[in-house]
Amino acid sequence: MPGAATPLRLSPHFRETPVYTSPPRRLHLNVNILHSGFVPSAWRLPDADPRAFIDVAHYIRVAQIAEAAKFDAVFLADNASIADQIDFRPITALEPTVLLASIAAATTRIGVIGTASTSYNEPYNIARRFSTLDHVSGGRAGWNIVTTADLGSARNFGRETVPVHAERYARAAEFTEVVKKLWDSWEDDALVGDKTRGRFIDTTKVRPVSHHGKYFDVAGPLNLPRSPQGHPVLVQAGGSADGRELAARHAQAVFSAAQSFDESAAYGRDLKARAAALGRGPDAIRILPGLTTIIGSTETEALRRRDELVDLIPWSYSLTRLAGILGLPVERLELDQRLPDDLPLPGGGNGNHTFFNATLAQARNHGYTARQLIRALAGGGGHRVVVGTPEQIADDIERWFVGGAADGFNLMPDALPDGLKQFVDGVVPILRRRGLFRTDYEGSTLRDHLGLPRPVSAHPAGQEAAVTA
């Protein structure tokens, strides 16, 4: 395989692989609505609206395009600080669950996945927020569990330092356990609504969680009935050992960052082995690497689109962003020199492991200079970029999916909504002809789309009810 951001030329052996009309499993596609698009200069395109990042109509339009194509879900990232260079590009600004509620009201089937940090929230409010989103969407909600490593966010919550990596993940593990307990604090049939007898709630089926842990003391129960999915789908995005352990224990889907087929396949094997060791089944987790697509009717056209977008980004912006991912002073990077040798994890291991490792792997595997790396990443950081025709993009997706390196992808089109429209019009029909992607939804919930069971609420026998009258 060539570099991730070069046109795809698959081996003759792969091109002889027969078309799969009955794939052994279902391909999953989400779209990550990164304001104007993944490439930092997307907002400068002639048809782009610079205010799209705070315009709910923009997000709804993208979601409706994805729903018409039968995507599994839309995905929203989040930050608790200004974590980019706002003198040049838009940022993640709108609070995800509020925005997703608006998207849910304007759609009927597509899932709505939002990011919320365990570092600067409390379990009760997150359990309530995502259970509410599951109710108002009719069972389409998902929570992307993250910890937060940047100093700006810490200072926004009254802290002068970022908690160490291990502590952030220990808190996240307990946080997630409490959220799940709260979601289970009502049994499915607790809401009776018997008008004749005047009985509204069966209070024997509403129980406290009575959690007393290292980080949290939560009485419970939650103040709303169990949601349509039982639990909103749990998503996780960590690549470190601690992140993998959290995902193996709790996640049903993982938003990963991988630059090569082998890297992604190895990640999936490791994660599923960890999940199996915890007593979860072999099909408990969906691996969904991030994938940026830049599409043209020919290879030349696709490359020209990539280069035009990258050339609209100031090199000073790109160098500063790359330095931030690598945890380096920007002065240590030279555009036409390779990255420094023996780079340590950012912040002594207290930074973002996932994007650091993925970006460094891309640079080392191809021997890129900083300038070449920035172009290969289309000015972004960490996630794989594929440049080519619809047929080439479909070939790449098929190879990763059939070969077991991914269960699907979190798509991050170069520009929105145009890049998604190109994918939907050009790539999706090819995937359908090959029998890889659905032609219609088979269910109504996000769990239905992902092929996940609905969790059964379990309570200790004889536990005292929370409400007695």
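Answer yes or no: is there a residue in region 286-303 that is closer than 29 Å to W43 by Cβ and charged (D, E, K, R). Yes, because at least one residue in region 286-303 is closer than 29 Å to W43 by Cβ and charged (D, E, K, R). Taking the listed residues L191, L182, the one that is modelled with pLDDT of 95 or more and under 24 Å from the mean Cα position of the chain (by Cα) is L182, with no other qualifying. Listed by position, the helices (runs of 4 or more DSSP H) enclosed by region 55-148 that each have at least 3 residues that are closer than 16 Å to Q229 by Cβ and touching a Leu at 6+ places or on another chain (Cβ under 8 Å) are 96-105, 123-137.
Does D189 qualify as being out of contact with any Asp or Glu (no Cβ under 6 Å at 6 or more places or on another chain), acidic (D, E) and free of Cβ contacts under 8 Å to residues at least 24 places away in the same chain? For D189, the condition - out of contact with any Asp or Glu (no Cβ under 6 Å at 6 or more places or on another chain), acidic (D, E) and free of Cβ contacts under 8 Å to residues at least 24 places away in the same chain - is met.
I'm checking my understanding of the structure. Among residues of region 373-403 that are among the hydrophobic types (A, V, I, L, M, F, W, C) and modelled with pLDDT under 95, which one is farthest from L34 (Cα to Cα)?
Among those that are among the hydrophobic types (A, V, I, L, M, F, W, C) and modelled with pLDDT under 95, it is L373.
Here E167 meets the list (1) in a helix (DSSP H, G or I); (2) in contact (Cβ under 8 Å) with a residue 24 or more places away in the chain almost entirely, failing just condition (2).
Is at least one residue of region 149-166 of a type in the set (D, E) and within 18 Å of the chain's Cα centre (by Cα)? Show your work before the answer.
Of region 149-166, the ones of a type in the set (D, E) are 150, 160.
Those left that are additionally within 18 Å of the chain's Cα centre (by Cα): none.
Scanning region 149-166 turns up no residue that is of a type in the set (D, E) and within 18 Å of the chain's Cα centre (by Cα).
Report yes if I313 is among the β-branched types (V, I, T) and not in a helix (DSSP H, G or I), otherwise no. So I313 passes the test.
Restricting attention to region 316-329, the residues being assigned to a helix (DSSP H, G or I), farther than 14 Å from A376 by Cα and hydrophobic (A, V, I, L, M, F, W, C) number 3. Could you say whether any residue in region 406-423 is closer than 17 Å to R286 by Cβ and among the small types (G, A, S)? Checked region 406-423: at least one residue is closer than 17 Å to R286 by Cβ and among the small types (G, A, S).
Here's the yes/no breakdown for (1) crowded, with 18+ Cβ neighbours inside 10 Å; (2) under 27 Å from the mean Cα position of the chain (by Cα); (3) under 25 Å from F261 (Cβ atoms):
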| position | (1), (2), (3) |
| --- | --- |
| V310 | yes, yes, yes |
| I313 | yes, yes, no |
| L328 | no, yes, no |
| R332 | no, no, no |
| Q337 | no, no, no |
| Q362 | yes, yes, yes |
| I374 | yes, yes, yes |
| G379 | yes, yes, yes |
| V386 | yes, yes, yes |
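When region 121-161 is examined, which residues are found to be charged (D, E, K, R) and touching a residue at least 40 places away in the same chain (Cβ under 8 Å)?
Of region 121-161, the ones charged (D, E, K, R) are 122, 128-129, 134, 140, 150, 155, 159-160.
Hits for region 121-161 are E122, R128, D134, R140, D150, R155.
Do we have R197 as of a type outside the set (S, T, N, Q), surrounded by fewer than 18 Cβ atoms within 10 Å (Cβ to Cβ) and either under 19 Å from R447 (Cα atoms) or more than 17 Å from the chain's Cα centre (by Cα) (or both) here? Considered against the rule, which asks whether it is of a type outside the set (S, T, N, Q), surrounded by fewer than 18 Cβ atoms within 10 Å (Cβ to Cβ) and either under 19 Å from R447 (Cα atoms) or more than 17 Å from the chain's Cα centre (by Cα) (or both), R197 comes out as yes. Restrict the check to region 279-298 and report whether at least one residue is crowded, with 21+ Cβ neighbours inside 10 Å, of a type in the set (A, V, I, L, M, F, W, C), assigned to a helix (DSSP H, G or I) and at pLDDT 95 or above. The answer is no; no qualifying residue exists. In region 346-359 there is no residue that is of a type in the set (A, V, I, L, M, F, W, C) and more than 20 Å from the chain's Cα centre (by Cα).
Scanning region 133-157 for residues that are within 18 Å of A116 (Cα to Cα), surrounded by fewer than 19 Cβ atoms within 10 Å (Cβ to Cβ) and among the small types (G, A, S) yields a single hit, G152. Residue count for region 409-460 satisfying the condition of being assigned to a helix (DSSP H, G or I), of a type in the set (K, R) and surrounded by fewer than 23 Cβ atoms within 10 Å (Cβ to Cβ): 3. Per the listing V235, V218, the residue uniquely crowded, with 17+ Cβ neighbours inside 10 Å, within 19 Å of T118 (Cβ to Cβ) and out of contact with any helix residue (DSSP H, G or I) (no Cβ under 8 Å at 6 or more places or on another chain) is V235.
The values are calculated or read from the model by the stated rules, or taken from the named source; none is laboratory data. None of these values were measured; they are calculated from a predicted model. Note that we place each Cβ from the backbone using ideal geometry, even for glycine, and neighbour counts take in every protein chain shown.
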